[in-house]
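Notes to accompany the following structure.
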Amino acid sequence: MKHLRRPVRRALLVVHVAVSVAWLGLSLGLLALGLTAYTTQDPSLTQAAYRAMKVFADWLLVPVALVTFGSGLVLSLGTPWGLARHRWVWIKFWITLATAIATIFALRPEIAHAAAAGVPDSSLVAAPVVSTTAYLFMTAISVLKPWGLTRRGRHLRDSATLRRRGAPAAPRKTVDVSRPRRTA
């Protein structure tokens with residue numbers, strides 16, 4: 001994919017950050033409602049909290065998850081960061097994909113079931129705790145950008161360095177399975 005022009009990249013970055021923060025906020029809201037429903041002694045409050053969760057799940061969860069995933073994917077493919085060049089981008093991609101799938105196919109049906117039953121459900125406390133933790137972790141690695149390049153990223157960097165120096169690109173190394181790999 002070609003690199004995005006600066007105005008497009010910046011606009012997409014704003015969209016990505018906004019919907020990612022919205023997903024974190026939505027997760028915190030679901031946690032507050034799930035805790036309320038699970039800990040209250042009032043059945044009508046339990047029912048109301050689960051109905052509120054259902055409104056969020058029906059109207060916001062899927063679009064926010066999909067826009068977060070899509071904008072992050074386009075940003076990674078359309079910028080020098082790349083999708084598989086840096087470990088932090090690669091990890092964010094997989095965590096975002098996993099949480100989006102879990103949100104759509106596990107959390108939404110569970111919320112719908114709880115809203116219909118009106119019975120306290122501990123999984124509707126646990127799921128927002130897990131998702132909030134995942135989103136906070138992804139926020140941290142977005143800011144800190146730890147772990148460096150992936151193997152593919154190192155290869156691309158080395159190839160680009162050789163091309164700039166005028167040398168032909170180094171052939172890809174093959175793995176010799178007969179020799180054990182050195183670690184640390």
Restricting the range 66-97 to residues that are under 15 Å from residue 8 (Cα atoms) and among the aliphatic types (A, V, I, L, M), the one farthest from the chain's Cα centre (by Cα) turns out to be 77
Discussion item. Checking the structure you have, find out if any residue of the range 58-68 is open to solvent by less than 20 Å² (accessible area, probe 1.4 Å) and not in a helix (DSSP H, G or I).
Written reply: no
### Message
With the structure loaded, tell me whether residue 44 is modelled with pLDDT of 95 or more, surrounded by fewer than 16 Cβ atoms within 10 Å (Cβ to Cβ), of a type in the set (Ser, Thr, Tyr) and part of a helix (DSSP H, G or I) or whether it fails that test.
### Response
yes
Going through the range 11-24 in order, the residues found to be surrounded by fewer than 15 Cβ atoms within 10 Å (Cβ to Cβ) and either more than 16 Å from residue 142 (Cβ to Cβ) or polar (S, T, N, Q) (or both) are 11
With criteria (1) assigned to a helix (DSSP H, G or I); (2) open to solvent by less than 50 Å² (accessible area, probe 1.4 Å), residue 8 comes up short on (2)
Inset, instruction - For the range 65-80, state whether one or more residues are free of Cβ contacts under 8 Å to residues at least 40 places away in the same chain and more than 17 Å from residue 16 (Cα to Cα). - result: no
Checked the range 108-158 for anything among the small types (Gly, Ala, Ser) and surrounded by fewer than 15 Cβ atoms within 10 Å (Cβ to Cβ); matches are 116, 117, 122, 126, 140, 148
With respect to residue 79, determine if the residue is open to solvent by less than 70 Å² (accessible area, probe 1.4 Å) and not in a helix (DSSP H, G or I).
-> yes
Notebook entry, point to check: Taking the condition in contact with a Ser or Thr (Cβ under 9 Å, 6 or more places away or on another chain), over 18 Å from residue 106 (Cα atoms) and surrounded by 14 or more Cβ atoms within 10 Å (Cβ to Cβ), does residue 31 pass?
Noted result: no
Requiring at least 3 residues that are at pLDDT 95 or above, the helices (runs of 4 or more DSSP H) wholly within the range 95-180 are 108-117, 123-144
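The values are calculated or read from the model by the stated rules, or taken from the named source; none is laboratory data. Quantities reported herein were computed from a predicted structural model and do not represent experimental measurements. Cβ sites come from the backbone with ideal geometry, for glycine too, and all protein chains shown count toward neighbours. Quick note on the areas: whole protein, heavy atoms, side chains included, nothing else; ligands and nucleic acids left out. Shrake-Rupley method; radii C 1.70, N 1.55, O 1.52, S 1.80 Å.
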